[in-house]
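Below is one structure, written out as structure tokens; comments come after it.
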Amino acid sequence: MEIVPKPAELLALHDVTAELFETLQRWFSVPPSISVDVSAVDADGAIRELGEPVMIAGFAMRKLQALHLLSTPGVRTSSDVVITMVQDLTRALLQAPTMRLKVQAETMDWDAAFAELDMDGELAEMMDGGGAPLAVDDEDPEALRFEELHGLLHLAVHAVIEATEGEITYLE
């Protein structure tokens, strides 16, 4: 099979994946390792785990680790692997900014937040720990940056398709 040089957009994912990884880890407080229930195909724990934001983020982080490696200069991969990896990541990355806000709302100590608001009107200080917007119409700079980085994954896929003329090809 022909070997094609990795396009610059794919090589640029090395830093992009690192930033996305760190953001997911921070947003969802993903521990250094997660365990998965593989006792049976329909294990009760597996069904619950697959819908938990920390597990979704953890699985996405694992795929980001793999994509980080594949975007490293000198590491051989193939076009179909890169495309599949980005496709697998897309659903979790699309959901992450909204899931982050839901998790933050669920874990917020609302009594303390309202007490703080009553004391000195600084609810923003308490809620800003996650960098989330405070009003419905506020821009969320972290989410915007996250979406920008996610977009770079898709630019890399398009560059891979163009460089390989849509064929399954080795990239190095």
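Numbers for the structure displayed
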{"quantity": "Residues that are among the acidic types (Asp, Glu), within 24 Å of Pro97 (Cα to Cα) and modelled with pLDDT of 80 or more, drawn from the stretch 26-56", "calculated": "Glu52"}
{"quantity": "Test: residue in the stretch 111-127 that is charged (D, E, K, R), modelled with pLDDT under 95 and crowded, with 16+ Cβ neighbours inside 10 Å", "calculated": "yes"}
{"quantity": "Residues of the stretch 1-30 classified as assigned to a helix (DSSP H, G or I) and of a type in the set (Lys, Arg), total", "calculated": "1"}
{"quantity": "Residue list for the stretch 63-87, restricted to those being of a type in the set (D, E, K, R) and within 11 Å of the chain's Cα centre (by Cα)", "calculated": "Lys63"}
{"quantity": "Selection from the stretch 71-93 of residues that are of a type outside the set (S, T, N, Q) and without any contact (Cβ under 8 Å) to a residue 24 or more places away in the chain", "calculated": "Val81, Met85, Arg91"}
{"quantity": "Qualifying residue in the stretch 89-103 (condition: farther than 26 Å from Val157 by Cα and outside any helix (DSSP H, G or I))", "calculated": "no"}
{"quantity": "Which numbered condition Val30 misses (of (1) closer than 26 Å to Ala105 by Cβ; (2) exposed (fewer than 12 other Cβ atoms within 10 Å of the Cβ); (3) of a type in the set (A, V, I, L, M, F, W, C))", "calculated": "(2)"}
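Yes/no matrix, rows are residues, columns are (1) of a type in the set (Gly, Ala, Ser); (2) in contact with a strand residue (DSSP E or B) (Cβ under 9 Å, 6 or more places away or on another chain); (3) surrounded by fewer than 11 Cβ atoms within 10 Å (Cβ to Cβ); (4) modelled with pLDDT of 90 or more:
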residue	(1), (2), (3), (4)
Pro7	no, yes, no, yes
Thr23	no, no, no, yes
Gly58	yes, no, no, yes
Leu70	no, yes, no, yes
Ala92	yes, no, no, yes
Gln104	no, no, no, no
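The values are calculated or read from the model by the stated rules, or taken from the named source; none is laboratory data. None of these values were measured; they are calculated from a predicted model. When we count neighbours, we look across all protein chains shown, and the Cβ atoms used for this are built from the backbone with ideal geometry, even at glycine.
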